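Enquirer: The structure that follows is given in the form of structure tokens.
The values are calculated or read from the model by the stated rules, or taken from the named source; none is laboratory data. Everything quoted here is computed from the prediction, not taken from an experiment. Using ideal geometry, Cβ is built from the backbone for each residue, glycine included, and neighbour counts are taken over all protein chains shown. Surface areas here come from the heavy atoms of the whole protein model, side chains and all, with no ligands, DNA or RNA. Shrake-Rupley method; radii C 1.70, N 1.55, O 1.52, S 1.80 Å.
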Amino acid sequence: MAKTAKKNAKSHRPRLIRRGLVVLAIAILWAAGHQPTSFTPSSLLIWVLGMLTVALFARAAFAVLEPVLKLGTGLVLYGLQRQHHLGGDES
């Protein structure tokens with residue numbers, strides 16, 4: 001029972017930046033910058049659909065960029081470890 005509690009505690013680390021909140025912030029910032037001068041039912045619909053489109057594109061960008069950044073940082077860290085390891089053998 002104690003092992004399960006420790007395992008669950010490690011798997012639920014708090015994240016500094018939550019992806020959903022960042023997407024929401026991007027969508028709200030876009031909506032604030034593209035607010036129509038007068039709200040008619042059609043302009044309100046177009047404005048809301050535009051905000052949803054921006055949120056969808058932001059989520060897609062995070063879905064593409066997150067694995068690429070993880071792979072890139074992993075390769076850089078591997079290269080640094082390898083360089084450090086090879087450099088340590090020469091001395």
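Enquirer: Within a Cβ distance under 13 Å of Val23, other residues only, what is the Lys/Arg minus Asp/Glu net charge? Intermediate results must be reported in sequence, preceding the final value.
Expert: Working: positive: Arg18, Arg19, Arg59; negative: Glu66.
Taking every Cβ under 13 Å from that of Val23, the sum is +2.
Enquirer: I would also like to ask the following. Each label point is 7 Å from the Cα along the Cα-to-Cβ direction; what then is the distance between the points at Arg15 and Gln81, in nm?
Expert: 2.4
Enquirer: What is the percent carbon and sulfur in the accessible area of the stretch 35-91, measuring with a 1.4 Å probe over the protein chains and ignoring ligands? Could you put the intermediate results ahead of the total?
Expert: Numbers: 3510 of 4850 Å².
Accessible surface attributable to carbon and sulfur in the stretch 35-91 totals 72 percent.
Enquirer: Follow-up question, since we're still on this one. Within 10 Å, count the other beta carbons around each residue, average over each peptide in 51-60, 32-41, 15-24, and list them highest first.
Expert: Details: 51-60: 14.9, 32-41: 8.8, 15-24: 10.6.
In descending order of packing, they fall as 51-60, 15-24, 32-41.
Enquirer: Could I have the simple spin-label model distance between Leu44 and Leu65, label points 7 Å from Cα toward Cβ, reported in nm to one decimal?
Expert: About 3.3 nm, to one decimal.
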